[in-house]
1. Mind checking the full-extension length gain between Val52 and Ser18? Use 0.36 nm per residue of separation minus the Cα-Cα distance, one decimal, nm.
2. Can you find, among Gly72, Pro55, Ser18, the residue sitting farthest towards the positive end of the charge dipole of the chain, where Lys and Arg contribute +1 and Asp and Glu -1 at Cβ?
3. Hey, got the dipole for the chain? About the Cα centre, +1 on K and R Cβ, -1 on D and E Cβ, debye to the nearest 20?
4. Taking 8 Å as the Cα distance limit and 6 or more residues as the minimum spacing, I'd like the relative contact order of region 1-108 as a percentage.
Amino acid sequence: MIERIECAGDLLALIVRSGFREPGVHFFTPGHLSQQLAYMRHPAGHAIAAHVHNPVARAVLHTQEVLLLRRGRLRVDFYTKAGAYLESRVLEAGDVILLASGGHGFEALDEIEMIEVKQGPYTGGADKSLIGGAGPTA
């Protein structure tokens, strides 16, 4: 239900499949990542104490993003930091992926709807570099 995509010891992505249903709180990411991903399942009546988040200075060097696929199927292609194609995975509706490092590309296999969450503000062209070269042929 949880897939880790890695290359040379680096975490490229974490996929949480829609069927993951463990009770409690589960953090999937190591503490050093600038984007944290967790799943929570609590019974009716469970309370989470009201709170505010304190200002904490954080250094974010690389954009990490989380995609929630709401509808359709999406192929995700993974690349090394140098731009070499590694492998692909297909996401189904309800799957969540954290893209932590390396490169990635996508192909909608069906009409899709997804939600993206990443650090901001988005800087447009300065925020990413396109990868040239061959990807998957599927």
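Rule-based calculations on the coordinates, nothing more; no lab input. Treat the numbers as computed from the prediction; the structure is a model and nothing was measured. Neighbour counts are summed over all protein chains in view; Cβ atoms, including those assigned to glycine, are modelled from backbone coordinates with ideal geometry.
1. Values: separation 34, 0.36 × 34 = 12.24 nm, distance 2.92 nm.
In short, 9.3 nm is gained.
2. Pro55
3. Working: 13 positive and 15 negative charges, 63 e Å.
Charge dipole of the chain: 300 debye, to the nearest 20.
4. Values: 187 pairs, mean separation 32.2, N = 108.
Once normalised by length, the contact order is 30 percent.
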